[in-house]
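Read through the structure below, which is laid out as structure tokens, and then see the notes.
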Amino acid sequence: MIKKHDHIVKNYSSVYFISDLHLGAAPKSDSDKREEILVNFLQIPEPGSALVIAGDLFDYWFEFRQVAQKGFFRTLAGLYDCKKRGVEIHYLIGNHDFFHRNFFTKEIGANLIEDYLVLETNGFKAFIAHGDGYVKNDKGYRILKAVLRNKFVQGLYGLIHPDFGVWLARTTSGKSRDYTGSKNYGKVDGLAETAKQIMDEGYDFVIFAHSHIKKFEKCGAGYYVNLGSWFERPCFGKLNSNGFEITDLN
């Protein structure tokens, strides 16, 4: 089951955050390197902690009813092992990896979330979302997002042969990433503007991804965080009783 949003109140020992790994994006050699870094990172979260994937773990993902997409065995195995040793996994799907059914919930035990997560832990309150559709002047994308996330539309796409369906997803995903990277939202960071509005509702942290622009800056009474992308430099965020920090992985 994919939840529209979720609100979790729990004192984890730590909460780890990753986003925008875009596994599967060409060239394959670079994707393999990012996956190797990810598999090593997945050994870090300790039992009693949580891992939040803030979208675009994959550059493309389409889950057919009876066919599992190949090419990410090490990632799926790493996430399964992470969950088995007592790490809760919350996966907010992004604009590249939104064609999910129930594989991650049934086979891995992840909490799959379509829009946003509110997390209260260790005295802090955080709002987490991938960030696509959260910029004011991106009305066209919000319409497209509503169409692509429509279950009927996804059901029709699922009738396509998997080989062709995955090829089409991979092709359009690359074009979408190029579009996002070149889009000019104006002189003001649109996600930072949205973060300030959300922060005013009583949050300590607003955590977005999507833009591929790393940020950790004061925003109203709290902080706006964006973990950038693993194309530039793999990293993870960590929230515990001491606050939030970003650590580079290479």
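Each value in this text was obtained by applying a stated rule to the coordinates, not by laboratory testing. Just so you know, these numbers come straight off a predicted model, no measurement behind them. Because the Cβ atoms are built from the backbone with ideal geometry, glycine has one as well, and the counts that use them run over all protein chains shown.
Label zone of His5 (point 7 Å out along Cα→Cβ, amide N under 18 Å): in the stretch 116-133 this covers 116-121, 125-133. Between the residues Ser49, Leu92, Gly24, the greatest Cα displacement towards the positive end of the dipole of the stretch 6-99, with unit charges on the Cβ of Lys, Arg, Asp and Glu, is found for Ser49.
Sorting 50-63, 203-216 by average packing, meaning the other beta carbons within 10 Å per residue, from highest down gives 50-63, 203-216. Taking the fewest neighbouring Cβ atoms within 10 Å as the starting point, the ordered list for Val118, Val15 is Val118, Val15.
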